[in-house]
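Data first, discussion second: the structure below is written as structure tokens.
The values are calculated or read from the model by the stated rules, or taken from the named source; none is laboratory data. Quantities reported herein were computed from a predicted structural model and do not represent experimental measurements. So basically every Cβ, Gly included, is an ideal-geometry build from the backbone, and we count neighbours across all protein chains shown.
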Amino acid sequence: MTRQENVDVLADHSLLLAIPAFLPAVALVALVLFIAMRDRRAEKRENEDARAQSAQAEHSEESVTDRRLRYGLVTVAAGSLLMGCSSGTESQPSDVPTNAARVIDIRIANGTVSPANTRTEAEVGQRIVLRVDSDATDELHVHSAPAHTFPVAAAAGQQFDFTVTVPGQVEIELHHLGRTVTTLLVRR
């Protein structure tokens with residue numbers, strides 16, 4: 001991962017999060033190897049016994065057939081497990097486009113703001129819409145690069161749009177009240 005200026009990396013746990021996804025596959029491979037090694041040892045013993053006793057040749061062929069059936073079943077189980085571990089993102093179409101606008105409803109009444117000190121996730125380049133109902137005038141400051149300032153009137157149904165082009169944390173605050181409305185967590 002390369003570092004860029006003005007980027008706050010909140011967390012990078014990609015390897016840690018991938019471990020549980022691979023554990024079933026690793027366990028299955030270990031099980032298949034264990035069964036294969038056990039069967040090879042049994043086959044070796046059977047071949048030695050078969051040489052010693054030619055009368056049991058038919059039984060030896062049956063146990064080889066049983067072993068092949070067992071290998072086939074283990075292979076089918078392994079394939080089913082691995083298919084179950086795969087992500088279904090390609091087969092499940094999303095109803096919401098990834099670049100849909102992130103709407104934040106803000107209410108200013110009697111000197112208080114709602115929401116206050118929340119965290120909101122967004123993507124770089126995603127349209128952010130601030131819908132404001134206020135009973136007092138103020139200014140909304142968006143601390144991004146570039147910064148945005150929006151004049152808030154004492155009125156309902158105001159709307160302000162902007163986009164953030166740099167990943168990181170972006171605070172949205174009310175200047176006169178001195179309150180943080182939300183912090184955008186902007187990711188790529």
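None of Val142, Val166, Val186 is surrounded by 14 or more Cβ atoms within 10 Å (Cβ to Cβ) and touching a Leu at 6+ places or on another chain (Cβ under 9 Å) except Val142. Being at pLDDT 70 or above, closer than 18 Å to Leu185 by Cβ and exposed (fewer than 11 other Cβ atoms within 10 Å of the Cβ) is a property that Glu121 has. Screening Ala122 with (1) in contact with an Asp or Glu (Cβ under 9 Å, 6 or more places away or on another chain); (2) in a strand (DSSP E or B); (3) not polar (S, T, N, Q) gives one miss only, at (1).
Which members of region 48-65 meet the condition of being exposed (fewer than 12 other Cβ atoms within 10 Å of the Cβ) and either assigned to a helix (DSSP H, G or I) or at pLDDT 75 or above (or both)?
Glu48, Arg51, Ala52, Ser54, Ala55, Ala57, Glu58, Glu61, Glu62, Thr65
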